[in-house]
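The values are calculated or read from the model by the stated rules, or taken from the named source; none is laboratory data. Values in this document were obtained by computation on a predicted structure and should not be read as measured data. No Cβ is skipped: glycine too gets one built from the backbone with ideal geometry, and neighbour counts run over all protein chains shown.
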Amino acid sequence: MDKESFQNPYKKGTIKVGEQIIKYEVNFVIVLDNFTLSIKDEVIHNRRSLHQIPESGFEEYKTGEFIISKLKEYDIEYFPNIAGTGVLGYMKGFEGKRTIAFRSEMDALSVEEKTGLSYSSKNKGMMHACGHDGHMAILLGLAFYLSKHKEKLRDHVVFVFQPAEEGPGGAKFMIEQDIIEKFKIDRIYGLHLYPDVLEGMLGCKHGPMMAQTAEFDMVIRGQSGHGAIPHKAKDSVVAAASLISAFQSIISRSIEPIEGAVITVGKMWAGERRNVIAGTANLEGTIRAFNEKVYNTIKDRMKEITKGIELMYSCSIDLEFRDMYPAVINDVEMFKEFVEAIGDDNIELVDPQMTAEDFSYFQKVVPGLFFFVGVRNKEKGYKYPLHHCNFDFDEDVLLVGIQTYIEILKHIKAL
């Protein structure tokens, strides 16, 4: 389906849930069941409450307290203080042959919010600018749904509220606390609100979907000197310029053209004043790739080029890598089930993204599927990218995330 020509139908009406008459307005292709529609106010309340209390990674204390209060309210067993501030919810199925996990991030960004919303951040300089408030609201919505349908739940379900996705990778710390083994998790699902996909559509692909990434730091040590006497100095700035140019040749000449990879030097500083040759230069950057072999080739070539630059400019260079998140690689069978559960008319096959996600750590130990929930609707004003001070979305889309999880559980006969 052509994603640019796609138009979501608009529906509204009333439904009866018990003795209560509930009005609804939805504009999504995926069919929302009556109960999902009936919990809209609860889901929005949770999202707005969480939006007002954004916290940094491993400092999500109020966020964790709110999540625990809701799990208690829904009568769901919970486990606090996982990897510091993380929280797990747990529901037993009546057969219990498998354990299905669903994950949401908890942390926010150091961004000053400028949305002007009535429920804007109360923490100055912090904002849920990456949609994690929505992700938590979706997962709490699923927990609420399942708490009211316990008699239908065949398999065990774990609700993973994970700290520090934005860094340094809370998923890794949760895994190191053996949550996979303790709860015998067989598979895991995750999602992300995404402004590059049309509102109400789901974006996904099998195989590599998001990149593996590393940070690197470099210190070039030459010898400072007078700008008028360059031959008596060793210019670290010239060495840095050559280094940056040479790094860019790695992608074009050392990597197979059909492979995706990026080297970015995002920060450089050197020197003391305009007429003094800089004795030291500092570089900071990132590398990204989908294929681990490509990723390692980039690192090896950077090391080799660095040695060559040292010889060329008679300087010394320290190069340090910090491996960050592995690539998000979606399980092929889980993707097939996802398409069968949701229907291909509701799914946009996305291109691999060079952004990174620590959900990939979970996929290293159990089969996992990660997908996008589209929020782009320029007519409504929802046009800003993730991490932007004006990022927002139509809260109705949270119901799409909940319903998607429900449909997955039904399709794999867990519900």
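Before moving on, here are some points about what is shown:
- Subset of the stretch 161-195 [part of a strand (DSSP E or B) and more than 14 Å from the chain's Cα centre (by Cα)]: ARG187, ILE188
- So GLU165, is it within 30 Å of ALA289 (Cβ to Cβ) and surrounded by fewer than 23 Cβ atoms within 10 Å (Cβ to Cβ): no
- Boolean, PHE391 is touching a strand residue (DSSP E or B) at 6+ places or on another chain (Cβ under 7 Å), closer than 23 Å to ALA356 by Cα and assigned by TED's automatic domain parsing to the domain that holds ASP196: no
- Matching residues, the stretch 104-119, being crowded, with 16+ Cβ neighbours inside 10 Å, out of contact with any Gly (no Cβ under 8 Å at 6 or more places or on another chain) and hydroxyl-bearing (Ser, Thr, Tyr): THR115
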